[in-house]
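All of the numbers you see were taken from the coordinates with simple rules; none came from a lab. This structure is a prediction, so every number in the text was calculated from the model and none was measured. Don't worry about glycine lacking a Cβ; one is built from the backbone with ideal geometry, like all the others, and counts go over all protein chains shown.
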Amino acid sequence: MNASQQTPKRPLAVLQKAISKKATIRLKTDVEYRGRVSNVDAFMNVILEDAEEFEGGVKSANYGKVIVRGDNVLYVRLENSL
C-alpha cells in the first residue's frame with residue numbers, strides 16, 4: 001500500500017494513541033511546550049507531564065504538569081523515540 005492509498009488519520013485518535021510519548025506543542029503565540037503526553041480530551045486539550053516551556057527556542061520555565069487548551073494549539077509534533 002503506498003502513501004496515497006492509506007486511510008486518513010484523525011488528529012484526536014493520533015493524540016490519544018500518543019499517551020506516554022514525548023511531544024512538542026506549539027501555541028499560536030509562538031510559545032512551545034515539550035513534555036510527555038499524560039491525557040487528551042475530546043476538545044484536544046492536552047495534559048503534559050515533566051513539561052518545559054520555550055520562548056524563541058530558549059527554555060523559559062520548567063513545570064511538573066501543564067494543561068494546554070486545544071484551541072490555542074498551532075501544531076503538535078510527536079517524538080518517535082518512545
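Quick notes on this one:
- R0 of 25 Å, Cβ-Cβ distance N45-Q6: FRET efficiency to nearest 0.05: 0.35
- Taking the helices alone, the chain has a mean residue ellipticity at 222 nm of -2000 deg cm²/dmol, built from -39,500 (n - 2.57) per DSSP H run of at least 4 residues and averaged over all its residues.
- Taking the chain and dividing mean pair separation by its residue count, relative contact order in percent (alpha carbons under 8 Å, at least six apart): 28
- Rg ratio for the chain: its Cα radius of gyration over 2.2 N^0.38 Å, N being its residue count, equals 1.14.
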